[in-house]
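> Next up is a structure, given as structure tokens.
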Amino acid sequence: MPRASTLLMIFAAAIFALALGVYFGGGQIKSTPKTTTSIAEGIEKAAIDRLFASQWHDADETPINFAQWRGKTLVVNFWATWCPPCLEEMPAFARLQTKYAKSSTPGDVQSGVQFVGIALDSAENVRDFSKRSPINYPLLMGDAQGSDFARALGNPRLALPYTLLIAPNGRAHLTRLGGISEQELDALLRQMTGT
């Protein structure tokens with residue numbers, strides 16, 4: 001009997017170790033409360049150029065060309081409906097989108113700030129979320145393309161939320177893994193736009 005209980009304990013420990021390995025290193029999309037901010041020096045301009053050359057669609061299958069936002073200060077946020085920190089920061093993003101949209105020169109599509117959400121989630125979930133919580137900035141469907149872009153833009157683990165600030169010159173300015181406060185993002189946007 002001691003041998004059976006020893007084998008059972010070894011089996012349980014192996015299952016536990018496997019579960020930890022999948023959770024911490026399995027390459028799956030994860031929601032993380034840990035916050036990491038960095039100056040976006042490691043993101044190649046070619047990855048951002050590919051982003052601007054890409055075409056996406058929203059949850060209703062409407063095609064959207066990313067190039068329409070070239071020349072703006074961009075806040076690109078990778079998110080999912082099942083990610084609590086993602087949902088917590090979205091109302092602040094909406095308030096800042098309203099605030100900085102007013103700072104644009106009327107008729108000048110090449111100025112101002114544009115928030116863009118890229119959902120690593122299903123279209124059905126995003127449609128349901130949008131009905132409950134209307135957001136005033138575009139929510140694009142990431143599909144497999146979204147995961148590829150998240151990796152290329154500095155998020156190899158695909159943890160969420162992940163936010164990238166892109167300057168009007170097309171250079172990555174800053175990345176944030178984890179939630180970002182409205183006050184901190186507002187200060188960064190004021191600095192980037194000179195307002």
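> Skipping prolines and chain starts, which residues have an amide H placed within reach, meaning under 5 Å, of the one on Leu160, given they are 5 or more residues away or on another chain?
Lys30, Ser31, Thr32
> Give the accessible surface of the stretch 117-195 per residue, rounded to a whole number of Å², with probe radius 1.4 Å and ligands, DNA and RNA excluded.
I get 42 Å² per residue for the stretch 117-195.
> Taking a ≥ b ≥ c as the square roots of the Cα gyration tensor eigenvalues, with a/c under 1.5 meaning rounded and otherwise prolate when a/b beats b/c, else oblate, which class fits the stretch 42-195?
Rounded, because the longest to shortest axis ratio a/c is under 1.5.
> Going by the alpha-carbon gyration tensor, a ≥ b ≥ c the square roots of its eigenvalues, is the stretch 140-184 rounded (a/c under 1.5) or, if a/c is not under 1.5, prolate (a/b greater than b/c) versus oblate?
Oblate is the answer for the stretch 140-184, as a/c is 1.5 or above yet b/c matches or exceeds a/b.
> Find the relative contact order for the stretch 146-195 and round it to a whole percent, using C-alpha pairs within less than 8 Å whose residues are 6+ positions apart.
25 percent
> Relative contact order of the stretch 46-195, please, whole-number percent, based on alpha carbon pairs below 8 angstrom and at least 6 residues apart.
Worked out over the stretch 46-195, it gives 30 percent.
> Something else now. Please report, in debye to the nearest 20, how large the charge dipole of the stretch 65-195 is about its Cα centre when each Lys and Arg carries +1 at its beta carbon and each Asp and Glu carries -1 there. Don't skip to the end; give the middle numbers.
Values: 13 positive and 11 negative charges, 60 e Å.
In total the dipole reaches around 280 debye.
> Right, next: Heavy atoms only, probe 1.4 Å: what % of the accessible area of the stretch 44-195 goes to carbon and sulfur, would you let me know?
Here carbon and sulfur together make up 51 percent of the probe-accessible area.
The values are calculated or read from the model by the stated rules, or taken from the named source; none is laboratory data. The shown structure was predicted, so the numbers you read here are calculated from the model rather than taken from an experiment. Cβ coordinates were reconstructed from backbone atoms using ideal geometry, including for glycine residues, and neighbour counts include every protein chain displayed. Note: accessible area is taken over every heavy atom of the protein model, side chains too, but ligands, DNA and RNA are not part of it. Shrake-Rupley method; radii C 1.70, N 1.55, O 1.52, S 1.80 Å.
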